[in-house]
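Here it is, the structure, as structure tokens.
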Amino acid sequence: MEERRNADKLYSELEEIHNKIYKNLIEGGNEKERERLIERFHRVKEEFMEKHPDNTAPYEKAILLHVDLEELDRAEEVLKHAVSRFPASDVIKAFQVCFKVIKENYEEEKRHLDEGETLGDELYFRVELTVQYWKRLREYEKCKKEFPSDFLVETEIDGITVKGEIVFLAPNDITVEIKTPYEGVSSGLHVPHFAMASKEQWLMIDGKITEKGRKVALNTLEEIYRACEVFSKNVDEIRVKREELLKLAKDKYDFESKYHDYLSEKFNIWGVNMKKKLDERFLNIKPNP
């Protein structure tokens, strides 16, 4: 109990110092004061690591601080040490995955930060989502193993039998992949938490798909089928327009926005992830990270 209290105390101290550095950085505060705070942060971090060697928290905070300061090489050094020290930690694995994407797309990531936001904020947000997704994925895989038939969906559209599979399911998330007559294209739906006050809106309860979930799965399967139909029939036109937009775009975000608008307005194809799957299926274009 005493050890836990000590760890909590050190974490709170690290958090407090980090917040002060963050505020100084965002507000353009005194540089010497920032340096003093950074030195203090590292002293507390080292004490934390020494007294609690099995705790990932000081590594996480150090990585976020270095990314806030845009010291990506130093952040990577801490991350490598954390990966070797905690190879089984989901949080550290998520840091590894998300940091790689941010570093590889550094300039574009910086340009698209909101005012008052740092790369550390973006990294933290992505790590949280990734850890949550992995947890839900394990729950989904367990449920699918117990009730495999619940995850198969089939419907008839315009006289055509369309089959698919639910490839991800959580109380407020679902992803469906078409299997026939097309294959490899998927799309999903996220139900906001504020819309889930009633369990009637849940897609899964106690490891089983609900009536609401099955209805959403069938609607999503139809949406994918119709998108595949129109995309495949207009593939040459789409390819030419895509290449045109790619040449004119300022960066990948600008391109994705314009391409999204084009497919939505011209062909009524929605869903960012589904568009990437359609590109991969019909244009043989692998999605960017």
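Bear in mind these aren't lab numbers, they're just calculated from the coordinates by the rules spelled out. Since we're looking at a predicted model, the values are computed, not measured. Ideal geometry is used to build each Cβ from the backbone, glycine not excepted, and the neighbour counts take in all protein chains shown.
For Cα pairs less than 8 Å apart in space and 6+ apart in sequence, what is the mean separation divided by the residue count of the chain, i.e. the relative contact order in percent?
10 percent
Calculate one ³J(HN,Hα) per residue across the range 268-275 by plugging θ = phi - 60° into the Karplus curve 6.51 cos²θ - 1.76 cosθ + 1.60, and present them in order as whole Hz with x for glycine and proline.
Calculated HN-Hα couplings, in order: 6, 9, 10, x, 4, 5, 5, 4 Hz.
Let me ask something additional. When you count, for each residue, the other Cβ atoms within 10 Å and take the mean per peptide, how do 24-32, 183-191, 208-216, 222-230 rank with the highest first?
By packing density, highest mean first, the sequence is 222-230, 183-191, 208-216, 24-32.
Given the Cα-Cα distance of Ser12 and Glu256 and 0.36 nm per residue of separation, how much length would full extension add, in nm?
This chain segment gains 83.8 nm when fully extended.
Ranking request for peptides 14-22, 119-127: highest mean number of other beta-carbon atoms within 10 Å first, then the rest in descending order.
119-127, 14-22
Counting only other residues whose beta carbon sits under 15 Å from that of Leu283, what net charge do I get with K and R as +1, D and E as -1?
Residues near Leu283 contribute +2 overall.
Further question on the same structure: Ranked from highest to lowest mean number of other Cβ atoms within 10 Å per residue, what is the order of the peptides 35-43, 170-178?
Packing order, densest peptide first, comes out as 170-178, 35-43.
Still on this structure, please answer the following. Any chance you could list P(r) for the range 150-283, counting all Cα-Cα pairs in 5 angstrom bins from zero, rounded to whole %?
2, 10, 19, 19, 16, 14, 10, 6, 3, 1
Okay, next question. Would you mind checking the tilt of helix 90-104 against the longest principal axis of the Cα atoms of the chain, expressed as 0 to 90 degrees and rounded to 10?
It is inclined by approximately 80 degrees.
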